[in-house]
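Shown below is the structure under consideration.
The values are calculated or read from the model by the stated rules, or taken from the named source; none is laboratory data. Note that the structure is a prediction, hence the values are computed from the model and not measured. Ideal geometry is used to build each Cβ from the backbone, glycine not excepted, and the neighbour counts take in all protein chains shown.
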Amino acid sequence: MTPLALYIHWPFCKAKCPYCDFNSHVRERIPEQRIVAALLAELEYEAARLGPRRLTSIFFGGGTPSLMAPDSVAALIGRATSLFAPAPDLEITLEANPTSIEAGRFRAYREAGVNRVSIGVQSLNDDALRFLGREHGAAEALEAVELGRAIFPRLSFDLIYARPGQTLAAWRAELGAALAVGLDHLSLYQLTIEPGTRFATAHARGDFALPEDDDAAALYDATAEEAARFGLAPYEISNYAKPGEESRHNLAYWRYRDYAGIGAGAHGRICLGETLLATRRHRAPEEWAARVEASGHGSTEEVEIGADERAREALLMGLRLAEGIDRAAYAARTGRDLLGLLDPDMTARAIEAGYLDITAARV
């Protein structure tokens with residue numbers, strides 16, 4: 001049975017973070033009942049056209065999914081696992097903010113079926129958290145992490161580094177404090193300026209400056225060194241884990257496997273027969289819900305991915321991983337020989353510099 005990863009987008013936040021360009025919206029009153037009903041309808045729509053699939057992961061992303069009522073999460077998990085065949089080791093992740101109110105729902109989310117929580121800590125420095133527009137403090141974040149570790153079998157949290165004025169010593173200390181909690185997985189992202197965000201406006205005004213490229217590279221190198229001291233290896237550009245604790249859902253993206261995306265603004269890559277489709281839902285939550293109510297789904301675009309684009313996407317996604325690309329799986333997915341796509345001279349230089357390894361099985 002073909003495996004399937006399922007992404008469920010919850011598009012609402014209490015406030016828009018200044019660095020965020022994700023599809024998130026602030027509403028005085030969230031129409032939760034309507035949104036959940038539309039998500040359930042989209043699940044039915046996808047199941048009807050995809051046919052029997054083995055469900056390997058469910059990921060509640062956002063937005064802020066921890067604003068959802070636990071009953072809503074339970075309803076979506078129940079519907080998904082009734083429509084698709086759940087894998088014995090089905091991974092169910094929910095993104096959460098570490099405020100005390102949202103952390104107070106952790107036990108109810110666990111009872112709903114969530115077995116992995118990803119907490120948006122972002123920093124363990126209170127000044128940095130204020131700069132990043134976060135509503136929690138460092139102490140509150142650590143309390144949420146400790147609570148999450150006691151409730152969920154698996155836990156990860158995010159940190160943002162390469163912030164204005166951040167020194168190498170300060171980052172090592174902050175990262176060391178995070179790793180000392182005893183994590184099995186950590187996502188570490190360099191701060192980038194995304195168009196259309198408040199940070200983009202402030203940065204253009206000269207309100208702050210990011211570290212120079214060489215300084216940011218030193219912070220990246222220090223990240224891998226500190227993580228290694230605690231037994232976490234970089235399995236993807238921004239993700240570190242102990243063996244076996246990698247995010248199975250995100251591995252489905254990087255290994256270029258099928259994933260269905262439902263909810264406002266969600267994207268997907270699904271095979272229908274021999275056709276690979278790129279799917280995209282309407283971004284505005286209320287418009288998306290209206291489309292679902294009218295037609296059973298909120299898609300605004302479904303584009304067939306041709307052979308050339310499929311080969312490029314699989315290459316770019318796979319090279320994000322430390323494990324590289326399985327050559328046989330690549331050929332089966334794209335119909336192309338991976339080595340035939342690589343420039344011989346550039347490949348030779350990359351191998352000589354130590355950036356690339358090629359074996360009979362992997363690149």
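Taking the range 234-247 only, how many residues are outside any loop (DSSP other than H, G, I, E, B) and within 18 Å of residue 325 (Cβ to Cβ)?
Looking only at that region, the number is 4.
Within the set of pairs 6+ apart or on separate chains, which have a first residue in the range 343-363 that is touching a residue at least 12 places away in the same chain (Cβ under 8 Å), a second that is among the small types (Gly, Ala, Ser) and surrounded by 10 or more Cβ atoms within 10 Å (Cβ to Cβ), and C-beta atoms under 9 Å apart?
357/324; 358/324; 361/328; 362/324; 363/318; 363/324
Another one. Using the structure shown, decide if residue 290 is among the small types (Gly, Ala, Ser) and buried (at least 16 other Cβ atoms within 10 Å of the Cβ).
For residue 290, the condition - among the small types (Gly, Ala, Ser) and buried (at least 16 other Cβ atoms within 10 Å of the Cβ) - is not met.
Across the range 199-215, what is the number of residues that are part of a helix (DSSP H, G or I) and surrounded by 15 or more Cβ atoms within 10 Å (Cβ to Cβ)?
Count: 3.
State which residue pairs qualify: first residue touching a residue at least 12 places away in the same chain (Cβ under 8 Å) and within 23 Å of residue 38 (Cα to Cα) and inside the range 1-21, second residue of a type in the set (S, T, N, Q) and outside any loop (DSSP other than H, G, I, E, B) in any location, beta carbons under 6 Å apart, and separation of 6 or more residues or different chains.
Pairs that qualify, where the first residue is touching a residue at least 12 places away in the same chain (Cβ under 8 Å) and within 23 Å of residue 38 (Cα to Cα) and the partner is of a type in the set (S, T, N, Q) and outside any loop (DSSP other than H, G, I, E, B), are 5/56; 5/57.
Among 64, 81, which is the only one that is in contact (Cβ under 8 Å) with a residue 40 or more places away in the chain, β-branched (Val, Ile, Thr) and either in contact with a helix residue (DSSP H, G or I) (Cβ under 8 Å, 6 or more places away or on another chain) or farther than 21 Å from residue 23 by Cβ (or both)?
64
Next up: Pick from 133, 51, 113: which is at positive phi and touching a residue at least 60 places away in the same chain (Cβ under 8 Å)?
Criteria check complete, one pass: 133.
Here's something else I'd like to know. Taking the range 340-363 as the region of interest, how many residues are outside any loop (DSSP other than H, G, I, E, B) and either more than 21 Å from residue 306 (Cβ to Cβ) or at pLDDT 90 or above (or both)?
10
Are there any pairs with C-beta distances below 8 angstrom linking a residue in the range 269-280 that is within 14 Å of residue 2 (Cα to Cα) to a residue that is assigned to a loop (DSSP other than H, G, I, E, B), with the two at least 6 apart or on different chains, and if so which?
269/256; 269/258; 269/305; 270/258; 271/2; 271/258; 276/305
Scan the range 255-268 and tell me whether some residue there is under 18 Å from the mean Cα position of the chain (by Cα), farther than 30 Å from residue 32 by Cβ and not charged (D, E, K, R).
There is at least one residue in the range 255-268 that is under 18 Å from the mean Cα position of the chain (by Cα), farther than 30 Å from residue 32 by Cβ and not charged (D, E, K, R).
Moving on to the next point. Regarding residue 119, is this residue among the aliphatic types (A, V, I, L, M), without any contact (Cβ under 8 Å) to a residue 12 or more places away in the chain and either more than 22 Å from residue 44 (Cα to Cα) or out of contact with any Ser or Thr (no Cβ under 8 Å at 6 or more places or on another chain) (or both)?
In short, no.
Return yes or no: is residue 303 surrounded by fewer than 17 Cβ atoms within 10 Å (Cβ to Cβ), closer than 29 Å to residue 21 by Cβ, modelled with pLDDT of 95 or more and of a type in the set (A, V, I, L, M, F, W, C)?
yes
Give me the pairs: first residue in the range 136-147 and touching a residue at least 40 places away in the same chain (Cβ under 8 Å), second residue assigned to a helix (DSSP H, G or I) and not small (Gly, Ala, Ser), beta-carbon distance under 6 Å, and six or more apart or on different chains, which are they?
Matching pairs, first to second residue: 147/106.
Sticking with this one: Is it the case, given these coordinates, that residue 291 is basic (Lys, Arg) and under 26 Å from residue 235 (Cβ atoms)?
Criteria not met by residue 291.
If you don't mind, another one. Out of all the residues in the range 51-58, is one or more surrounded by fewer than 21 Cβ atoms within 10 Å (Cβ to Cβ) and either among the acidic types (Asp, Glu) or under 17 Å from the mean Cα position of the chain (by Cα) (or both)?
There is no residue in the range 51-58 that is surrounded by fewer than 21 Cβ atoms within 10 Å (Cβ to Cβ) and either among the acidic types (Asp, Glu) or under 17 Å from the mean Cα position of the chain (by Cα) (or both).
Right, another one. Quickly run through the range 225-250 and pick out the residues that are in contact with a strand residue (DSSP E or B) (Cβ under 8 Å, 6 or more places away or on another chain) and either polar (S, T, N, Q) or free of Cβ contacts under 8 Å to residues at least 12 places away in the same chain (or both).
Those that are in contact with a strand residue (DSSP E or B) (Cβ under 8 Å, 6 or more places away or on another chain) and either polar (S, T, N, Q) or free of Cβ contacts under 8 Å to residues at least 12 places away in the same chain (or both): 238, 239, 243, 247, 250.
Residues of the range 78-95 being surrounded by fewer than 22 Cβ atoms within 10 Å (Cβ to Cβ) and β-branched (Val, Ile, Thr), which ones?
Within the range 78-95, just 81 meets the criteria.
Restricting to the range 167-186, name every residue that is assigned to a helix (DSSP H, G or I) and hydrophobic (A, V, I, L, M, F, W, C).
168, 169, 170, 171, 173, 175, 177, 178, 179 - these are the residues of the range 167-186 that are assigned to a helix (DSSP H, G or I) and hydrophobic (A, V, I, L, M, F, W, C).
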